[in-house]
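Report on the structure given below.
The values are calculated or read from the model by the stated rules, or taken from the named source; none is laboratory data. The shown structure was predicted, so the numbers you read here are calculated from the model rather than taken from an experiment. Counting neighbours? That spans all protein chains shown, and the Cβs are built from the backbone with ideal geometry, glycine included. Please note that ligands, DNA and RNA were not included when accessible areas were found on the heavy atoms of the full protein model with its side chains. Shrake-Rupley method; radii C 1.70, N 1.55, O 1.52, S 1.80 Å.
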Amino acid sequence: MIYLEEINFLTFFILVIKILKFNKNKTIYYIYSKKLDFMFIFIFKYLFRISLKKLNFKMMDIKNFETEEIIREIIPRNDLYIFEKKIKKNYNFFNNNKLITNFFLKSIIGQSAHLRHSFFRLIFLINVVYLLNKKNYKNNIFVINSRSWFSIFSEYSNSKNINLIQTSYIINKKTLLYLFKIIYFKNLLKDTFIIRKKKYLNSNIKLYCEGKSQPNLNLNGERSDFSWLIESNFPRNNVAYNTLTFKTKNKLNSYGIYTTLNFERNKFYYKNNNYKFINKNLLNINEKLELNKICNNFDFSVNFWYSYFKTHNIKITLNWYKYDSSHIAQSKAISLLNGISTMQQLNFEGHRNYFCKSIFDICFYFSKFSADNDYNNGSNIKYKIITGIPNYEINEMNISNANKIRNYLKNNGVQKIACVLDENSLDDERFHTGHSLQKENYYLIINEMLRNKKLGLIFKPKNPSSLRKRLGKYNTLLDQAIKTGRCHIFESYEREGVPFSKITPLQAALSSDLVIHSSLSAGTAALETASNRIPTIMIDREKNYESIFYKKLNNNIIFKDWFTALGAMNEYFFGNEYNNLGNWKENISHFDPFLDNLSQQRMGNFLNHLIEGFNKGLDRDENLNNAIIKYSFKWGEDKVIIN
């Protein structure tokens, strides 16, 4: 069988010259479609009597033979690490510079799974071809666009009996743009408009908070980039925050927070001449250019952050986004100013994940398990501080808001309330678990609610901004449920940045008797509610058996699908079985040793010790050691792990 990544003139000639004479099949499949595909389809149909068809499959159907776990979960846990090992062994770049090596590896291997040119995407497609032809292991050909590091992909595909062929661009299109300095001039143009030559108020040493565009200063059940600030002794005038609008800038300035607009800064230049290429002669032209591009991106990013931090007298960074290489340049920049880089864990990882590799001086973790798991990720963290799950303390406003919703549902005849936490989805179900999976999270339990008038529902969608579009025909069913007065949905979302829900999972769960988290793979929300003793169960349709949840939790918490979960819910609410449903009591301390919702306070006070140390004139290392000693004394030596 023959598969094409896409149809273009080069794949056309490969098919005609090299492949067609060996092809016994009358159908060739392609992955990505374009506007001009009809032309090639016509030619092949009428000249060669061969049909060109788009390859249709669902990510949820691409599974491991034995475990039935979807391949999407396996690739970042296993395959990406294998590819990293091969690249390091075969190409051994930057022998004297671990930081740029990590930036390089994360830049090429750690690109988002949603990008066509990412390592993840091609590895996934090779597995698709392999699994769709498991009964015919021979004579499978996969023609892909020209790309760097082809030999490693070819070796991988050969292990699955797939002949991988690439088109023969001398230089691929992405690299061509770089060659003509398009990216360089784009960045230069940005700097021309953003860089200022003016004096900024720099009397205070500051911490730069990398947020999620959630500048909420009230702990009212909505998400906030500043919960750690509000809950701790950290002074507001020592916080620097970047925003995209004058409205938010003025609002935060009025609260005493130092706010910049679009990373305004003066120009300072740091030149890094510390690169030493090893085995560069082994590379082809595309790989050499990509290597140079990554080095230039590193230098540009380091200079960007170096200028920003120096302009605004920033000595500490607090980041959360570790899923690409950008944080590595940020950590390098702050180190050049003898500052300290920190990261707060916001998302739970049940097993190692290549996308979660990171480099910081300090990381604040949920638990020792999370700290140890991050070591398995391959992260380089000097000080690991255990602070607990990042909830903030439940207050009277949170309880009052929750009671309003609960009483409203109760007044309409409800006896028991289930809170459903969903996930986001994308249109193409070939490269995401898709809308079908998310639709299940609504129509199955809504039908149960319409059948049982004693049941009430609360929905907390992850991405309310696109929910109605993604639900399609089931919108009518959701509206019908809301009209009964027995269903509530949180539909407010952030208008700046990523349009995810404003409401925390815990706030939504406070009104309920049982939380149903629709994805075990994304278990953070389940931990947030379970750690507050709200009965919580999870559904694992992805079969993520390697997750720590399977090792620590029982079958009163994890369910394989919605049908078994709904059966358990009904017995728990209205029958005599499952009295222990969703009870995490025996194992929740493995995920949070504190269980007091004070993690943000602990983190904020630790950061305050660092600010105080810099204000006293302590150098970087002395400041770090001093803060570690204070935290260990108050919370226990077992809450600090030093590499």
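Can you name the condition, by its number, that residue 558 falls short on among (1) over 20 Å from residue 373 (Cβ atoms); (2) within 24 Å of the chain's Cα centre (by Cα)?
The single condition residue 558 does not satisfy is (1).
From the list 107, 118, exactly one residue is of a type outside the set (A, V, I, L, M) and without any contact (Cβ under 8 Å) to a residue 40 or more places away in the chain. Which is it?
Selected residue: 118, the only one of 107, 118 that is of a type outside the set (A, V, I, L, M) and without any contact (Cβ under 8 Å) to a residue 40 or more places away in the chain.
Report, by residue number, each residue of the stretch 242-266 that is of a type in the set (Phe, Trp, Tyr) and open to solvent by 70 Å² or more (accessible area, probe 1.4 Å).
Correct list: 246, 255.
Of the residues in the stretch 1-35, how many are assigned to a loop (DSSP other than H, G, I, E, B) and either open to solvent by 100 Å² or more (accessible area, probe 1.4 Å) or modelled with pLDDT under 70 (or both)?
5
In the stretch 403-422, is there at least one residue being among the aliphatic types (A, V, I, L, M), closer than 27 Å to residue 593 by Cβ and out of contact with any Pro (no Cβ under 6 Å at 6 or more places or on another chain)?
For the stretch 403-422, residues among the aliphatic types (A, V, I, L, M), closer than 27 Å to residue 593 by Cβ and out of contact with any Pro (no Cβ under 6 Å at 6 or more places or on another chain): absent.
Restricting attention to the stretch 451-478, report how many residues are of a type outside the set (S, T, N, Q), part of a helix (DSSP H, G or I) and either over 19 Å from residue 409 (Cα atoms) or open to solvent by less than 50 Å² (accessible area, probe 1.4 Å) (or both).
11
Starting from the stretch 1-13, keep only residues that are aromatic (Phe, Trp, Tyr), then list their pairs with residues that are open to solvent by 10 Å² or more (accessible area, probe 1.4 Å) and in a strand (DSSP E or B) whose Cβ atoms are within a distance under 6 Å, requiring at least 6 positions of separation or different chains.
3/29
Of these, 594, 614, which one is touching a Gly at 6+ places or on another chain (Cβ under 9 Å), more than 15 Å from residue 365 (Cα to Cα) and crowded, with 18+ Cβ neighbours inside 10 Å?
614
Just checking: which of the helices (runs of 4 or more DSSP H) contained wholly in the stretch 144-232 hold 2 or more residues that are at pLDDT 65 or above and in contact with a helix residue (DSSP H, G or I) (Cβ under 7 Å, 6 or more places away or on another chain)?
150-158, 227-231
Touching a residue at least 40 places away in the same chain (Cβ under 8 Å), charged (D, E, K, R) and closer than 30 Å to residue 113 by Cα, is that true of residue 332?
Yes: the conditions hold for residue 332.
Go through 515, 498 for me and flag whichever is in contact (Cβ under 8 Å) with a residue 12 or more places away in the chain and closer than 17 Å to residue 346 by Cβ.
Matching residue, one of 515, 498: 498.
Of (1) closer than 30 Å to residue 351 by Cα; (2) surrounded by fewer than 17 Cβ atoms within 10 Å (Cβ to Cβ); (3) at pLDDT below 85; (4) not polar (S, T, N, Q), residue 94 satisfies all except one. Which?
(2)
Filter the stretch 225-248 down to the residues that are farther than 17 Å from residue 605 by Cβ and small (Gly, Ala, Ser) and list them by number.
Scanning the stretch 225-248 gives a single hit, 240.
Among 504, 524, which is crowded, with 23+ Cβ neighbours inside 10 Å, among the hydroxyl-bearing types (Ser, Thr, Tyr), farther than 27 Å from residue 452 by Cβ and in contact (Cβ under 8 Å) with a residue 60 or more places away in the chain?
504
How many residues, within the stretch 231-241, are in contact (Cβ under 8 Å) with a residue 24 or more places away in the chain and either closer than 24 Å to residue 495 by Cα or surrounded by fewer than 18 Cβ atoms within 10 Å (Cβ to Cβ) (or both)?
Matching residues across the stretch 231-241 total 6.
Is the stretch 412-434 home to any residue that is open to solvent by less than 30 Å² (accessible area, probe 1.4 Å), at pLDDT 90 or above and of a type in the set (Gly, Ala, Ser)?
For the stretch 412-434, residues open to solvent by less than 30 Å² (accessible area, probe 1.4 Å), at pLDDT 90 or above and of a type in the set (Gly, Ala, Ser): present.
State which residue is most open to solvent (accessible area, probe 1.4 Å) when the search covers only the stretch 363-411 and only residues that are closer than 30 Å to residue 98 by Cα and of a type in the set (A, V, I, L, M, F, W, C).
369
Mind checking whether some residue in the stretch 317-328 is more than 25 Å from the chain's Cα centre (by Cα), assigned to a helix (DSSP H, G or I) and not acidic (Asp, Glu)?
No, because not a single residue in the stretch 317-328 is more than 25 Å from the chain's Cα centre (by Cα), assigned to a helix (DSSP H, G or I) and not acidic (Asp, Glu).
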